[in-house]
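What follows is a short report on a single structure.
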Amino acid sequence: MIQGIGAAGGVAIGKAFVLPAWEWDVPDRRMEKVDLAKEFERLYEGIRTSKTEIEVMKNEIKETVGAEESGIFDAHLAILEDPVFMSEIQGIIERQYKAAEVAVKEAIDHFVTMFDLLDDEYMKERALDIKDVGNRLLKHLLGTPDITLPADTQPYILVAKELSPSQLVHLNPDNVLGMVTMAGGKTSHSAIMARALGIPLVSGLENKLTEPLQTGDLLVIDGDEGCVYLNPEPEIIARYTELAEKQRRRKEQLQLLAAVEAVTKDGVRMRLAGNISSVKDLELALKHGAEGVGLFRTEFLYMDRSTFPGEDEQFEVYRQVAEKAGPHPVVIRTLDIGGDKQLEYFELQEEENPVLGYRGIRISLDSRELFQTQLAAILRASAYGKMKILYPMISSLEEIRKANAILEEAKQNLTRRGIAYDPDIQVGIMIEIPAAAAIADLLAQEVDFFSIGTNDLVQYVLAVDRMNEQIAHMYHPFHPAVLRLLRQTVQAAKDAGITVSVCGEMAGDEKAVPLWLYLGVTDLSMSPQALLRVKHRILNSDSRESKEVGAACYRLPTSNQVEAELVRYAHELEQERLSK
């Protein structure tokens, strides 16, 4: 047994197919000065072709697993437009008279070596992105065919030194039982996509193997525990075969819960909604029993294009979502760009700390026309369903008042145009900045509802970037400081008589159900994939017992103790269910 990192959960048993590594035979060709212009044209043509391919892959993955995951390829496009990377290549061609493919190979090696030397797992992952983009460019310059996967339909476990997003796009999840990589971790792009595709992945096996894995080796991989068994004994195979069958049956059983209301054993009703980025996401959420949309991330409508979407275009999307959600509410978050979400056609100044910078409502309030266009589209769609407006990144009363003033202007414009809308459309704010949680009692007087975004709230409260592998272990959603701010926010909402929901990743963590029952939060919004797991936990919970567990968590002094208590209770519920 080889212990690695569990990067995507699940069990797989099958024969290995070892993906050959990219091996480039790039002779150190030098050019005559008169041929440099031709060499630059070859380079630019390779870049254009690579960009086109990346755009195609981005759209493919968007259709397969959703808009959020497709954003991975924005980083690849950005590399091809990065002035530092491109000037390195151009400089080698111009000053050293080297062929385009030689310059690209040297530039890749330079940046990858530089990033690999940094003691930062995040930068090592970005080195893989540069390799991926560089390999694509080299492929076009050299006329080399793609490395292909097995042509037959026999399922296999894919083994590679590292897997790039470009390689993962073309995987058939029906043929790939699981994946093993020597490099990478939980925050790698391959891990993100593996989780989205539902393929088990174990990473980080480099320097842990006494001999390399070979095509045809029988493997058992456990993506939850992060272990790989090489040519295992029959009893190991039997144990994991049984576990895989249990997981398959559980998945089928969970799907049966889609039409069942989320009600605890003693009658407490909870409403589970979906977090979506597109109409396709909504369809999956509804299939999994979502009662409407608790968070529509509209920024994805602004990506994959060269100009801002107009009012009519946005209206059509919002109307479709409103009609498909039927009688259930749809909460539309206004444009939340900035930070890690950039638009190619809307240039933002470079910032030392963009996550704490110019983003969300801050941009909307400065870009009044852009904001009014989106608000008008949402208002028009409110005539076709139960729409709500959600402002992101709110930290003060002034921001709410300015946003509402622009909303009033949008309403008046529609009235003058004779266009129908819901004049009483509800307006809420994201509670994701600690300042907002601290003055939640004041903010609650100005809005109709709160939506707690736990991802950013945890990050800001603990000053931890969870995408940074060096400190990711310090990202604790169950930290007592986080729990206290959650309680303060919920209490402020109750005192003001407004509703409160949770839409961050904590909402989709079934372990957290006792906390929500203790706090009295009955509205949760989560990724479509989490809906049935959370519903299953609610159906098997007693609210009185859960509240006692939640209260106990609030008396514990450390995040580890809180999580241990929640895990203990979850295990107790599961054992109770299995004994019946």
* Structure fact -> Listed by chain and number, the lysines with an alpha carbon less than 17 angstrom from that of LYS246, same-chain partners under 8 positions apart left out, are LYS580
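If Lys and Arg each add +1 and Asp and Glu each add -1, what is the summed charge of the other residues whose beta carbon sits under 11 Å from the beta carbon of LEU517?
Numbers: positive: ARG537, ARG544, LYS547; negative: ASP266, ASP542, GLU545, GLU548.
Every neighbour counted, the sum reads -1.
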* Paramagnetic reach from ALA564 in segment 511-538 [backbone N under 12 Å; point 7 Å along Cα→Cβ] -> none
* **Percent accessible area from carbon and sulfur atoms, segment 477-542, protein chains only, probe 1.4 Å** => 46
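When the accessible area of segment 376-439 is split by element with a 1.4 Å probe, what percent falls to carbon and sulfur?
Numbers: 1240 of 2490 Å².
Its accessible area is 50 percent carbon and sulfur atoms.
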* Asked: Using a 1.4 angstrom probe and counting only protein chains, how large is the accessible area of THR241 in Å², to 10?
  -> 70
* Taking 0.36 nm per residue of separation and subtracting the Cα-Cα distance, what length does fully extending ASP465 through GLU32 add? -> 151.0 nm
* Between exposed GluC sites (Glu not before Pro) in the chain, where DSSP calls loop and at most 12 other Cβ atoms lie within 10 Å, what's the longest gap? -> 33-346
* Structure fact -> In deg cm²/dmol, rounded to the nearest 500, the helical mean residue ellipticity at 222 nm of the chain, built from -39500 (n - 2.57) for every DSSP H run of length 4 or more, is -15500 deg cm²/dmol
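What is the antiparallel percent of DSSP beta bridges lying wholly in the chain, to the nearest 5?
Numbers: 19 of 57 bridges.
The answer is about 35 percent antiparallel.
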* Express the accessible area of the chain per residue in Å², computed with a 1.4 Å probe while the remaining protein chains stay in the model. => 45
* Asked: With each label point set 7 Å from Cα along the Cα-Cβ vector, what nm distance links LEU370 and ALA78?
  -> 1.6
* At a Förster radius of 45 Å, what calculated FRET efficiency corresponds to the Cβ-Cβ distance of LYS161 and ARG416, to the nearest 0.05? -> 0.10
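When 1/r is averaged over all different Cα pairs and the result inverted, which Kirkwood radius in Å belongs to the chain?
Working: mean 1/r = 0.0386 Å⁻¹.
Every distinct Cα pair counted, the radius reaches 25.9 Å.
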* Asked: Separation between the ASP109 and LYS494 pseudo-spin-labels, each 7 Å from Cα along Cα→Cβ, expressed in nm?
  -> 6.5
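About the Cα centre of segment 328-396, how large is the charge dipole given +1 on each Lys and Arg Cβ and -1 on each Asp and Glu Cβ? Please answer in debye to the nearest 20.
Details: 8 positive and 9 negative charges, 136 e Å.
The calculated dipole for segment 328-396 is roughly 660 debye.
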* Asked: How much of the accessible area of segment 221-276, in percent, comes from carbon and sulfur atoms when a 1.4 Å probe is used?
  -> 54
* **Residues of segment 1-16 with amide N under 20 Å of a point placed 7 Å along Cα→Cβ from ILE237** => 1-2, 11-16
* Asked: How much length is gained on full extension from VAL279 to LYS265, taking 0.36 nm per residue of separation minus their Cα-Cα distance?
  -> 1.7 nm
* **Cβ-placed point charges (K, R +1; D, E -1), dipole of the chain about Cα centre in debye, nearest 20** => 1640
* Structure fact -> Between SER306 and GLU225, the FRET efficiency computed from the C-beta separation at R0 = 56 Å comes out, to the nearest 0.05, as 0.75
* Asked: Farthest toward the dipole's positive end in the chain, which of ALA12, SER501, ILE406, given Cβ charges of +1 (Lys, Arg) and -1 (Asp, Glu) about the Cα centre?
  -> SER501
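Please state the relative contact order of the chain as a whole percent: Cα pairs under 8 Å, 6+ residues apart? Write down the numbers at each step before the final one.
Numbers: 1041 pairs, mean separation 80.8, N = 580.
Relative contact order of the chain: 14 percent.
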* Between GLU574 and ALA438, what length in nm is gained on full extension when 0.36 nm per residue of separation is reduced by their alpha carbon distance? -> 45.3 nm
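The values are calculated or read from the model by the stated rules, or taken from the named source; none is laboratory data. Computed from a predicted structure; not experimentally measured. When we count neighbours, we look across all protein chains shown, and the Cβ atoms used for this are built from the backbone with ideal geometry, even at glycine. Ligands, DNA and RNA are excluded from the accessible area calculation, which covers all protein heavy atoms including side chains. Shrake-Rupley method; radii C 1.70, N 1.55, O 1.52, S 1.80 Å.
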